1. Give the number of residues within the stretch 12-41 that are loosely packed, with under 11 Cβ neighbours inside 10 Å and at pLDDT 90 or above.
2. Determine, yes or no, whether ALA48 is modelled with pLDDT of 85 or more, open to solvent by 80 Å² or more (accessible area, probe 1.4 Å) and among the small types (Gly, Ala, Ser).
3. Going through the stretch 11-51 one residue at a time, which ones are of a type in the set (Val, Ile, Thr) and under 11 Å from the mean Cα position of the chain (by Cα)?
Amino acid sequence: MSEESYIRTGLANLMKGVGGKLYLTSTELIHKSHAINVQRGTVTLDLADIETVESP
């Protein structure tokens, strides 16, 4: 996905110790971990599958 199609981007932790960048598109929420993390990779969630959002 090209950077132009991101609605919003920012830094985020997927879980404790797994930092990276969070990308919001019109259909997905994507977390891409930093290369220095032991656990690397990309997690993609379809927005249609998210039922609730809570603030900590």
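The values are calculated or read from the model by the stated rules, or taken from the named source; none is laboratory data. For clarity, every value in this text was computed on a predicted model and none was experimentally measured. Glycine also receives a Cβ, built like all others from the backbone with ideal geometry; neighbour counts cover every protein chain displayed. With ligands, DNA and RNA removed, areas are computed over all heavy atoms of the protein, side chains included. Shrake-Rupley method; radii C 1.70, N 1.55, O 1.52, S 1.80 Å.
1. Quick first cut of the stretch 12-41, residues loosely packed, with under 11 Cβ neighbours inside 10 Å only: 15-17, 26, 35-36, 38-39.
If we keep only those that are at pLDDT 90 or above as well, we get 26.
Number of matching residues: 1.
2. On the way: modelled with pLDDT of 85 or more: yes; open to solvent by 80 Å² or more (accessible area, probe 1.4 Å): yes; among the small types (Gly, Ala, Ser): yes.
For ALA48, the condition - modelled with pLDDT of 85 or more, open to solvent by 80 Å² or more (accessible area, probe 1.4 Å) and among the small types (Gly, Ala, Ser) - is met.
3. Initially, the stretch 11-51 is screened for residues of a type in the set (Val, Ile, Thr), giving 18, 25, 27, 30, 36, 38, 42-44, 50.
Once the filter is applied, which keeps residues that are of a type in the set (Val, Ile, Thr) and under 11 Å from the mean Cα position of the chain (by Cα), the stretch 11-51 yields THR25, ILE30, THR42, VAL43, THR44.
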